[in-house]
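Everything on this sheet refers to the single structure shown next.
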Amino acid sequence: MVRKGGPASGRNSADGVRFPGPMTAARFLRTHWQKRPLLVRGAFPGFADPLDAREVLALASSPDAESRVVRKAGRHWSLVHGPFTRADLARRPRRDWTVLVQDVNHFSDRAAALLARFSFIPHARVDDMMVSYAVPGGTVGPHVDSYDVFLVQGRGTRRWKVSRQRDLAFVPGLDLKVLARFEPEEEWLLEAGDMLYLPPGVAHYGIAETECLTWSVGFRAPSDAEIAAAFLDHLGETLALPGRYADPGLRPSRTPGRIPDDLVAHIARTLARIRWRPREALEFAGRFLSEPKAHVYFKPPARALPKARFEQAAGRRGLVLDGRTRLLHAHGKFFVNGETVEARGDCAAWLRKLADSRTLETLAGAPSAFRDLARDWHARGLLHLGEETTS
Ligand code: SIN
Ligand code: CO
């Protein structure tokens with residue numbers, strides 16, 4: 001049922017996505033988020049892996065996906081980056097290796113749907129969903145992450161050990177960041193559908209007990225140094241600072257290698273003229289937080305649909321954002337994949353709904369400016385038509 005004058009209602013973050021487990025999302029955020037680990041047994045009853053092991057290995061062979069294999073042989077660790085040939089992966093030993101594939105939510109709608117189960121956390125904080133497929137003994141070693149992570153156990157079992165140790169020194173000379181010393185304080189054996197939440201900085205060590213799949217849902221928080229560096233780049237592109245150094249009174253120099261004092265003073269004065277308004281910070285925040293990772297590119301459909309056909313199909317099948325698309329909003333402004341959205345007309349309610357729930361059941365009732373925008377995004381591969389429904 002479509003509400004008059006607004007986007008179709010559905011399950012979205014405004015309706016409240018339930019925390020996977022008996023706790024409420026509000027309680028989890030209050031008591032554990034960024035504070036302490038949480039083990040949730042049976043968080044996903046009857047859990048079905050979004051991809052099976054064969055499909056994960058196929059992704060690790062694709063040049064579009066970022067993948068790596070980590071192997072431990074005695075005290076030696078090795079890290080090899082993909083893509084891998086099928087033969088590479090078939091030749092591996094029976095024990096002690098793991099293949100990891102980043103951004104699986106970009107390649108699988110089911111992985112994107114699992115990520116959506118965490119939309120009680122703002123999309124601006126999402127990094128990606130990574131999957132690891134391990135044979136018995138497979139591990140990436142004890143380490144710490146600077147990200148919040150939910151480790152959802154798929155098929156098979158993995159033992160997780162955690163520690164709040166302060167000693168975070170790494171084994172020197174490795175391509176991998178493996179902790180030199182690890183003193184586990186707690187450990188659990190996770191089975192399919194169990195989930196372990198870890199805040200940033202908690203040392204952890206996961207070892208496959210059987211052949212297994214683990215889905216890591218990672219949430220990033222940019223460092224202040226990253227924010228500042230990116231803002232300075234942004235200012236470099238947007239700042240209008242008229243003027244230029246001039247030295248009409250220049251006199252012959254006996255020390256031409258020396259920077260003239262006037263020039264240094266001019267530079268200091270120019271830097272002091274750099275100003276920005278709160279709206280510039282908002283514009284930057286939206287572009288920065290919606291910027292896709294460097295290797296991401298969008299695949300337009302083979303054929304762009306004519307307006308009438310697109311609207312008819314979208315009316316029937318609805319729309320879904322591509323897994324790679326980052327669409328965010330703040331203070332009535334919208335940002336997609338590092339750009340400001342030029343939202344004309346009465347688009348805001350529809351864009352907000354699409355940004356929050358990443359899907360729309362229908363285009364019926366949408367203003368024409370929004371329908372045009374949706375068709376443009378469809379032609380650029382930023383969104384797709386939803387699954388065909390029979391009802
Ligand atoms: C893994 O799945 O093997 C590693 C995930 C992690 O430690 O973040
Ligand atoms: Co980790």
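The values are calculated or read from the model by the stated rules, or taken from the named source; none is laboratory data. In this text the structure is predicted, and so the values were computed from the model without any measurement. Because the Cβ atoms are built from the backbone with ideal geometry, glycine has one as well, and the counts that use them run over all protein chains shown. These area figures cover heavy atoms from the full protein model, side chains too; ligands, DNA and RNA do not enter into them. Shrake-Rupley method; radii C 1.70, N 1.55, O 1.52, S 1.80 Å.
Remarks
- Residues located in segment 311-332, provided they are assigned to a strand (DSSP E or B) and touching a Gly at 6+ places or on another chain (Cβ under 9 Å): Leu319, Val320, Leu328, His329, Ala330
- Verdict on Pro248 being closer than 30 Å to Phe219 by Cβ and open to solvent by 70 Å² or more (accessible area, probe 1.4 Å): no
- Checking the stated criteria, Asp88 turns out not to satisfy the condition of being of a type in the set (D, E, K, R), surrounded by 14 or more Cβ atoms within 10 Å (Cβ to Cβ) and on the phi > 0 side of the Ramachandran plot.
- Identity of the residue in segment 84-116, of a type in the set (D, E, K, R) and touching a residue at least 40 places away in the same chain (Cβ under 8 Å), that ends up nearest to ligand 1 (Cβ to nearest atom): Asp96
- Note on segment 335-349: residues that are of a type outside the set (Gly, Ala, Ser) and modelled with pLDDT of 95 or more amount to 6.
- The listed residue being away from ligand 1 (no atom under 15 Å from the Cβ), open to solvent by less than 60 Å² (accessible area, probe 1.4 Å) and hydroxyl-bearing (Ser, Thr, Tyr), out of Ser163, Ser132, Ser119: Ser119
- All told, Val149 falls short of being within 23 Å of the chain's Cα centre (by Cα), within 12 Å of ligand 1 (Cβ to nearest atom), part of a loop (DSSP other than H, G, I, E, B) and of a type in the set (A, V, I, L, M).
- The set of residues in segment 251-287 being under 24 Å from Arg326 (Cβ atoms), open to solvent by 100 Å² or more (accessible area, probe 1.4 Å) and of a type in the set (A, V, I, L, M, F, W, C) consists of Trp276 alone.
- Summed over segment 344-374, residues that are in contact with a Gly (Cβ under 9 Å, 6 or more places away or on another chain) and of a type in the set (A, V, I, L, M, F, W, C) total 8.
- Every residue from segment 69-85 that is hydroxyl-bearing (Ser, Thr, Tyr) and open to solvent by 60 Å² or more (accessible area, probe 1.4 Å): Thr85
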